[in-house]
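*Asks:* First the structure, then my questions, so here it is.
The values are calculated or read from the model by the stated rules, or taken from the named source; none is laboratory data. Keep in mind the model is a prediction, meaning the values are calculated, not measured. No Cβ is skipped: glycine too gets one built from the backbone with ideal geometry, and neighbour counts run over all protein chains shown. SASA here: full protein model, heavy atoms, side chains in, ligands and nucleic acids out. Shrake-Rupley method; radii C 1.70, N 1.55, O 1.52, S 1.80 Å.
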Amino acid sequence: MMRTKKLLLSLVLSIFAMPLFAQYGTKKVERTFDIKGDEEFYLEIDIDAAEVTVKRNSRKGQIAVNIRYSEREFEYDLDFSEKNRSLDITFDKKGWVDSDDNNADAEIEISLPSNVVLDMRSKIKAGAIEMEIGGLSLRHFNLKTYAGEVMVDFDEPNKIVMNSLDINIKVGETQLRNLGNARFRRAEIDNGIGSLDIDFSGDLPNDAIASIDLDIGETDIFIPENFGVKLAVRKFLFLSQVNVSGNFRKSGNHYYSENYDSKNKALDLEVNPGIGKLHVRYR
C-alpha cells in the first residue's frame, strides 16, 4: 500500500515539478565519505521536508549522500569530521510560511556501510520515509518524525546486537517490518495519530524488551510463533478496543504465550493503548 502511494506521489510530482524546476533550477548533489577505523561512527540526520530513502551501501566503509532539490526552496549542509567520527546531514526548507512555493519537492538518498558500527539518529519533520536497513551494524537507532508516511524494514539481521531502538511518530501511517532483525535489547515505540503496523519477525536476541505507546489510531502487532512472549496491556478505559489472539494464557495483568517457558528467545512486550483498535496476534 505504501509503495503504491509513493509511486503515485512520485509520478504526480514528476509531472508537476518539471516546470517548477525549470523556473527555479534543480540542483543535484552527490557526495561520498570514507570511514576508516573500527570505532563507533555517529550519524545525525536533520531534515525539514523530503522524500527520504536510507539503504545499505554495497561499498564497505563508505557513506553516500545523493540529494535532488529546488535550490530556491531548500538549502543543505554536510558536516563530516574524520577526527570526531561523525557526519551531520542537515536539509532545511527556506521560509515555511513566506516561501513562494510550498509544493517544491526534494529527494534524499543515504547509503550506509554494513561494516561500520553506527549510532544513527534522525529527525525528519515531513515527508515519505523509506528505510531498508537490514544487514547494517547499528548500535543505536533513533527516528523521530512529525508528519508523513514511514516504512522501516530490517530485511536482514543487524550484524551486532543493538543496544537501543527508539521510534517516535507524531502523525502518519507507519510500517515497521522484520523488527526482530534489528536485534535490539530495548525498544521504545511512540505513535501519535495514525495507523501502525509492527512485525517482530527476525533474529531477536534473548530477553529483548519493547514498549509501545499509542495515542489515536489502529495498531496491528504481529509476533512470530517461534518467540516466547510476555505481554502487558495497559488498557485505556472504554476508548480502547483490545484484541489479543493466538495461544496466550492470561495470568494477573499479563498474557503469556504457551511456549514462553520453553523458548530461549523471549520478548517482554508492554503496550499502552490509546483511542482506537489494538490487535496482537501470531503470524
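*Asks:* Regarding the stretch 193-233, what are the three Cα extents along the principal axes, ordered largest first, in Å?
*Replies:* The Cα atoms of the stretch 193-233 stretch 31, 17, 13 Å along the principal axes, largest first.
*Asks:* Another question, if that's okay. Using just the helices of the chain, give the 222 nm mean residue ellipticity in deg cm²/dmol: DSSP H runs with n ≥ 4 each add -39,500 (n - 2.57), and the total is spread over all residues, rounded to 500.
*Replies:* For the chain, the value works out to -3000 deg cm²/dmol.
*Asks:* Amide H neighbours of F184 under 5 Å, counting only residues 5+ apart in sequence or on other chains, H built in-plane at 1.01 Å?
*Replies:* Under 5 Å from the amide H of F184: M162.
*Asks:* Additional query: Run the dipole for the stretch 128-187 about the Cα centre, Lys and Arg Cβ at +1, Asp and Glu Cβ at -1, nothing else charged, and hand back the magnitude in debye, nearest 20. Please list the in-between numbers first.
*Replies:* On the way: 8 positive and 8 negative charges, 92 e Å.
Rounded to the nearest 20 debye, it is 440 debye.
*Asks:* Further question on the same structure: What does the highest-first list of 48-55, 59-66 look like by mean Cβ count within 10 Å?
*Replies:* 48-55, 59-66
*Asks:* Once you charge only the Cβ atoms, +1 for Lys and Arg and -1 for Asp and Glu, what is the size of the charge dipole of the stretch 146-254 about its Cα centre, to the nearest 20 debye?
*Replies:* With only Lys, Arg, Asp and Glu charged at Cβ, the dipole is about 600 debye.
*Asks:* Whenever you get a sec, compute what percent of the accessible area on the chain sits on carbon and sulfur atoms (1.4 Å probe).
*Replies:* The C+S portion of the solvent-accessible surface of the chain is 45 percent.
*Asks:* Related question: Connecting C-alpha atoms closer than 10 Å in a GNM of the chain, tell me which of N247, N181, N163 has the biggest fluctuation.
*Replies:* Ranking N247, N181, N163 by mean-square fluctuation puts N247 first.
*Asks:* State the Kirkwood hydrodynamic radius of the stretch 179-249 in Å, one decimal place, computed from all pairs of distinct Cα atoms.
*Replies:* With all distinct Cα pairs of the stretch 179-249 included, I get 13.4 Å.
*Asks:* Could you state the angle between the C-alpha long axis of helix 2-24 and the longest principal axis of the C-alpha atoms of the chain, as a value from 0 to 90 degrees rounded to the nearest 10?
*Replies:* It is inclined by approximately 20 degrees.
*Asks:* Once you sort the root eigenvalues of the Cα gyration tensor of the stretch 118-233 as a ≥ b ≥ c, which label holds: rounded (a/c under 1.5), prolate (a/b larger than b/c) or oblate (the other case)?
*Replies:* Oblate, since a/c reaches 1.5 and b/c is not below a/b.
*Asks:* Per residue, how much accessible area does the chain have with a 1.4 Å probe, in Å²?
*Replies:* 49
*Asks:* Further question on the same structure: Tell me the net charge near N66. Cut-off is 9 Å between Cβ atoms, N66 excluded, with +1 for each Lys or Arg and -1 for each Asp or Glu.
*Replies:* Taking every other residue near N66 into account, the sum is 0.
*Asks:* Tell me whether the chain comes out rounded, prolate or oblate; compute the Cα gyration tensor, take square roots of the eigenvalues as a ≥ b ≥ c, and use a/c under 1.5 as the rounded threshold.
*Replies:* Oblate, because a/c is 1.5 or more while a/b does not exceed b/c.
*Asks:* Can you compute the charge dipole magnitude of the chain about its Cα centre, using +1 on each Lys and Arg Cβ and -1 on each Asp and Glu Cβ, nothing else charged? Give it in debye, rounded to the nearest 20. Can you show the working numbers first?
*Replies:* Details: 38 positive and 47 negative charges, 167 e Å.
So the dipole magnitude of the chain works out to roughly 800 debye.
*Asks:* May I pose another question? Out of R31, R72, R177, any idea which swings most in a Gaussian network model of the chain, alpha carbons joined below 10 Å?
*Replies:* R31
*Asks:* When DSSP assigns beta bridges and you keep just the ones with both residues in the stretch 83-242, what percent turn out antiparallel, to the nearest 5?
*Replies:* Among the beta bridges of the stretch 83-242, antiparallel pairing accounts for roughly 0 percent.
*Asks:* Right, here's the next one. Using the alpha-carbon centroid of each, what span in Å lies between the stretch 209-249 and the stretch 57-83?
*Replies:* Measuring centre to centre over Cα atoms gives 39 Å.
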